[in-house]
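Working notes for the structure below.
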Amino acid sequence: MTYFFMNKAIASSLYEALTEDPFYITLEQRAASDPARAKKAMLRYLDYSMQEARTYGQLCLAKDLAHGASLWSKPVDKAQGLQIAKEKKQFLLDHLGMESLDTYCQIVDFMTQESKQVVSETFWYLSILGISPNLQGKGLGLDLVLPVLKKTDEIGAATYLETFTPKNFGFYKRLGFYEAKTVREPVTDSYYTIMVREAK
C-alpha cells in the first residue's frame with residue numbers, strides 16, 4: 001500500500017484522543033527524542049492506520065469528517081494477513097524508525113498471543129476508536145461504532161477490542177461488549193483488557 005497523507009485533521013483528532021494510551025505513548029517515545037518530530041511521526045502512523053482500515057477493513061468517520069474515526073480489521077486469509085503485516089512494518093521502519101518498529105512488534109506479538117485464548121480469526125477487531133477530547137461525552141462515538149456492529153450482527157460475526165483505559169468499559173458494555181481477559185503488557189508495564197461482543 002503506497003502511503004500518502006489522507007487527512008491530517010482526523011489524524012490529529014485521533015492523536016489527541018489517545019494521549020493517555022500507554023501503547024501510543026510508548027510508540028511515540030521510541031520514534032524520536034524531539035517531541036515535535038515524535039508527534040509528526042505518530043500523526044503519520046494514525047493516518048496510515050486509517051488508510052489500512054479503509055483498504056483492508058472498515059473505516060468509519062465522524063459526520064463532519066474531522067472529529068474522530070473508528071478503525072476496524074476484518075478477517076483475511078493468511079496470505080493477505082502476511083501482506084498487511086509486511087506493509088505495516090515497512091511503513092513503521094520508514095516513518096518511525098527501527099526502535100519504534102521493534103517496540104510495535106514486541107507489543108503486538110504479545111497481545112496477539114494473549115487474544116488467541118479468547119477470540120478466533122473470524123472476529124472483527126476494533127483497533128482504534130477516537131473522538132476529539134472536547135467533543136467526547138456527546139454520543140458521537142456511537143455513530144462511529146454502530147454501523148459496523150450492525151453489519152457484523154447481520155453476518156453473525158463476533159467483534160473484539162483491546163483497551164488500556166478502564167473508564168471506557170461502560171461505553172463498550174452498553175454496546176454489548178464484556179470483559180473477557182485482563183493482562184499486563186510487559187513493554188508498557190500496563191494492564192489492558194480484551195473485550196468481546198457476540199453477534200446479536
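Being surrounded by 15 or more Cβ atoms within 10 Å (Cβ to Cβ), part of a helix (DSSP H, G or I) and modelled with pLDDT under 95 is a property that holds for ASN168.
Would you check if SER132 is closer than 27 Å to LEU27 by Cβ and modelled with pLDDT under 95? Answer is yes for this residue. The residues of the stretch 32-81 that are under 25 Å from PHE123 (Cβ atoms), in contact with an Asp or Glu (Cβ under 8 Å, 6 or more places away or on another chain) and surrounded by fewer than 15 Cβ atoms within 10 Å (Cβ to Cβ) amount to a single one, PRO75. Note on the stretch 55-93: among residues that are within 24 Å of ARG37 (Cβ to Cβ) and free of Cβ contacts under 8 Å to residues at least 24 places away in the same chain, the one that is nearest to the chain's Cα centre (by Cα) is LYS89. Every listed requirement among (1) within 16 Å of the chain's Cα centre (by Cα); (2) in a helix (DSSP H, G or I); (3) under 20 Å from PRO75 (Cβ atoms) is met by ASP153 save one, (1). Filtering the stretch 130-156 to residues that are touching a residue at least 60 places away in the same chain (Cβ under 8 Å) and among the aliphatic types (A, V, I, L, M) leaves ILE131, LEU135, LEU140, LEU144, VAL145, VAL148.
Within the option set GLU114, GLU179, being of a type outside the set (S, T, N, Q), without any contact (Cβ under 8 Å) to a residue 60 or more places away in the chain and under 22 Å from THR193 (Cβ atoms) holds for one residue only, GLU179. Residues considered: ILE194, ILE84, ILE107, ILE128. Of these, the only one that is surrounded by 13 or more Cβ atoms within 10 Å (Cβ to Cβ), in contact with a strand residue (DSSP E or B) (Cβ under 7 Å, 6 or more places away or on another chain) and part of a helix (DSSP H, G or I) is ILE107.
The values are calculated or read from the model by the stated rules, or taken from the named source; none is laboratory data. Given the structure is predicted, the values throughout are model-derived calculations rather than measurements. No Cβ is skipped: glycine too gets one built from the backbone with ideal geometry, and neighbour counts run over all protein chains shown.
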